[in-house]
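The values are calculated or read from the model by the stated rules, or taken from the named source; none is laboratory data. Everything numeric here is computed off the predicted structure, so don't read it as measured data. Glycine gets a Cβ as well: all are built from the backbone with ideal geometry, and neighbour counts include every protein chain shown. Please note that ligands, DNA and RNA were not included when accessible areas were found on the heavy atoms of the full protein model with its side chains. Shrake-Rupley method; radii C 1.70, N 1.55, O 1.52, S 1.80 Å.
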Amino acid sequence: MSARTFAVKQLERASGEDGLRPGDIVTAEPNLYMSHTASWRCIKTLERLPGWTLRHPERIAMVMDHVSPARTPKAAGFHRLCREFADTNGIETFYDVEAGISHLVLMGNGHIRPGQLIIGTDSHSTIYGALGALGTGVGYSELTAAWVTGTLWMKVPESIRVELGGELPPAVHPMDLMLKLIGDLGADGATYCSVEFHGGHVARMSVSQRMTLCNLAMELGAKCGYVPPDEVTDAYLAEAGVAPGDYEVLLPDEGAEYRQVVDVDCDGLAPHVACPHTVDNVRPIDEVAGTAAYVLEDANPRFAREVDVAAGDVLVAGRHFGQSSGRAIAVKALAATGVGCVVADSFARTFYRNAFEVGLPIVELEGVSAAVCEGDELVVDAEAGTVRDERTGETLQGRPTDPFLLDMLRAGGLIAMRRA
Amino acid sequence: MTGGSAKRSPGGFGASRTPSESAERLASRLGGRCLKLGDDVNTDILIPGRYLVSIDPAELAEHAMEPLGPDVQARLKAAEVVVAGRNFGGGSAREQASTCLIGAGIQAVVAVSFARAFFRNAINTALVAVECPEAVAAVQDGDELHVDVEHGVVAAASGEHAFAPYPEALRRIVEAGGLIPALARELEEARG
């Protein structure tokens, strides 16, 4: 038998066929079908299938993320439809609106295991490669078909091998590495390919960093991303309640055939950003002036222009606002848009620190993202940690600001305070 | 059916095409007037995220290519074929990127290359999507062109341009009118 890549081995496992080659089309049996708030589309699609039954209800995983919490009665109705469907049909893997980001919820709770095939109604389902699974995004019709048949057609992909050598310098993150790769290879540089990440630097990465690699592989057009499981993976899974005996790791064979091998020297990398209007328009951050214009553009391309500086607009967010990188530029750019204040259910630690050091008022208030609607008038008292919603007349109590941090805010940040 | 004739009315709730309609279409040529676009037409351009509250082809068609402005939208509605450059349909895995084109009366997309998720969604909703760089280079916006899926030929005033025909497994899905209609028929037959 010739040496095989991870993707070939996984699809042989998932289809029960031997001797597969890139380009072959197989009928595969996914181990898990992930759907977010788009699950309602699958439920509606079932109505077109006479006498449907669910082949493996235990393989259906719904996480009420994406359009969450509901901003309109229509969206709330979709959530209810999913909730009732899960309840009626014995779908036990159901996480409601408060659970978090779909992929992280499933990985963190032990639903994703090495060597598995996972399909999801989200293009970034490639993220499951961080645990050595083949994760890939699909449309709602095909996910619905998998609910009923337990199978889905899959093309065996070619593979690209990325070798990460050296060590990322301080303040340079896997995000920068992936942006550089996307800039070099192009947004279609890995279309329909499996992208395997190897090399000494990958072995030293946390699962969360590996998630960044695999998640962003999709931005290269990839079908899936993959990091070979190791003791880091085992430790993550153990914490998620998965014992080593509960999964069967798949590693690519020595000498497997790759369409392309890309060597990346991490040592020389600088922070990078993707500029409008394509994800592969990537430049080193130093070349990009006026970052404020790009703040939150993925959520709303007009964000920076819509901020009403005179009114002191308040940005409201959910949990873990500002997580991932510790870059202060995230806070500086946000402050530069003229936003008066950020209120969130919770903040990532580094963002919280950076905000005070930059002089941007922030208030942590669990539940605020569910309680407040877009466009509400808010009155924020950072010192007391309170937010009054003028629409409802309700005052919500969050975390008061520590007097030391309050002084820092009043001084205009850490540097200004030290100079004073 | 040859192109330029009456436009097919969009299907019902989430429907794409009836199996007989698709089989007939594949047996003959499909096509007509084209709308020609450039590279990297992504899913946010095809159907912005705020409209994903619908899966109805007719409703979605109203907002197809909205970011490109009313002129392009009008030309899309008058066209039967979309011709595009590299990486058509990149970005999200949203199936509505294909459904909205079906709703707008598009029978085929001829591109230099497709993003993976768009190509899958096109096959699964029975929208003909073929990669034919030669045809893309040869035709102009507004030209008539026809796609012969069975023989792998795009025919235009510029001549006949070959492309690799679909593998059997994918052709069967398209012929059946898409993945869901195919499965519905299977289930119907199983029930007797």
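Quick notes
- Given (1) within 13 Å of the chain's Cα centre (by Cα); (2) modelled with pLDDT of 95 or more, number of the condition B:Asp71 does not satisfy: (1)
- For the residues B:Val109, B:Val139, B:Val174, B:Val130, the requirement of being open to solvent by less than 10 Å² (accessible area, probe 1.4 Å), in contact (Cβ under 8 Å) with a residue 40 or more places away in the chain and more than 14 Å from chain A (Cβ to nearest Cβ) singles out B:Val139.
- Scope segment A:337-352; condition part of a helix (DSSP H, G or I) and of a type in the set (Val, Ile, Thr); matching residues: A:Thr350
- Single residue of segment A:51-65 satisfying the filter (of a type in the set (A, V, I, L, M, F, W, C) and part of a loop (DSSP other than H, G, I, E, B)) that is most open to solvent (accessible area, probe 1.4 Å): A:Trp52
- Summed over segment A:71-94, residues that are more than 23 Å from A:Asp376 (Cβ to Cβ), exposed (fewer than 11 other Cβ atoms within 10 Å of the Cβ) and of a type outside the set (D, E, K, R) total 2.
- Count of segment A:104-157 residues, restricted to those that are among the β-branched types (Val, Ile, Thr) and without any contact (Cβ under 8 Å) to a residue 60 or more places away in the chain, is 2.
- The sole residue among A:Leu334, A:Leu378, A:Leu360 that is touching a Cys at 6+ places or on another chain (Cβ under 9 Å) and within 25 Å of A:Ala274 (Cα to Cα) is A:Leu360.
- Among (1) touching a residue at least 40 places away in the same chain (Cβ under 8 Å); (2) more than 14 Å from chain B (Cβ to nearest Cβ) - the single one A:Arg80 does not satisfy: (1)
- Identity of the residue in segment A:24-50, under 20 Å from A:Pro157 (Cβ atoms) and open to solvent by less than 40 Å² (accessible area, probe 1.4 Å), that ends up nearest to the other protein chains (Cβ to nearest Cβ): A:Val26
- Here the condition is being within 9 Å of chain A (Cβ to nearest Cβ), closer than 26 Å to A:Trp52 by Cβ and open to solvent by less than 50 Å² (accessible area, probe 1.4 Å); of B:Arg120, B:Arg116, it holds for B:Arg120 alone.
- Unique residue being at pLDDT below 90, open to solvent by less than 50 Å² (accessible area, probe 1.4 Å) and out of contact with any helix residue (DSSP H, G or I) (no Cβ under 9 Å at 6 or more places or on another chain) when the list is A:Gly359, A:Gly340, A:Gly326, A:Gly367: A:Gly340
Yes/no per residue for (1) under 30 Å from A:Leu54 (Cβ atoms); (2) surrounded by fewer than 21 Cβ atoms within 10 Å (Cβ to Cβ); (3) more than 14 Å from chain A (Cβ to nearest Cβ):
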{"site": "B:Glu150", "(1), (2), (3)": "no, yes, yes"}
{"site": "B:Ala155", "(1), (2), (3)": "no, yes, yes"}
{"site": "B:Glu160", "(1), (2), (3)": "no, yes, yes"}
{"site": "B:Gly178", "(1), (2), (3)": "yes, no, no"}
{"site": "B:Ala190", "(1), (2), (3)": "yes, yes, no"}
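- Those residues of segment B:69-100 which are in a loop (DSSP other than H, G, I, E, B), open to solvent by 10 Å² or more (accessible area, probe 1.4 Å), away from every other protein chain (no Cβ under 14 Å) and of a type in the set (Gly, Ala, Ser), in sequence order: B:Gly69
- Considering the conditions (1) open to solvent by 90 Å² or more (accessible area, probe 1.4 Å); (2) farther than 30 Å from A:Arg71 by Cβ, A:Gly268 is excluded by exactly one of them, (1).
- Segments classed as helices (runs of 4 or more DSSP H), wholly inside segment A:107-223, with at least 1 members that are surrounded by 24 or more Cβ atoms within 10 Å (Cβ to Cβ): A:140-149, A:174-185, A:207-217
- Taking segment B:162-171 as the range and being touching a helix residue (DSSP H, G or I) at 6+ places or on another chain (Cβ under 9 Å), open to solvent by 60 Å² or more (accessible area, probe 1.4 Å) and within 14 Å of another protein chain (Cβ to nearest Cβ) as the test, only B:Pro165 passes.
- Flag for A:Gly19 being farther than 22 Å from B:Leu187 by Cβ and either surrounded by fewer than 19 Cβ atoms within 10 Å (Cβ to Cβ) or at pLDDT 95 or above (or both): yes
- Selection within segment A:397-411 - part of a loop (DSSP other than H, G, I, E, B) and open to solvent by less than 40 Å² (accessible area, probe 1.4 Å): A:Gly398, A:Thr401
- Counting the residues of segment A:31-69 that are among the aliphatic types (A, V, I, L, M), in contact (Cβ under 8 Å) with a residue 60 or more places away in the chain and in contact with a His (Cβ under 9 Å, 6 or more places away or on another chain) gives 3.
- Summed over segment A:138-190, residues that are small (Gly, Ala, Ser) and within 27 Å of A:Arg283 (Cβ to Cβ) total 8.
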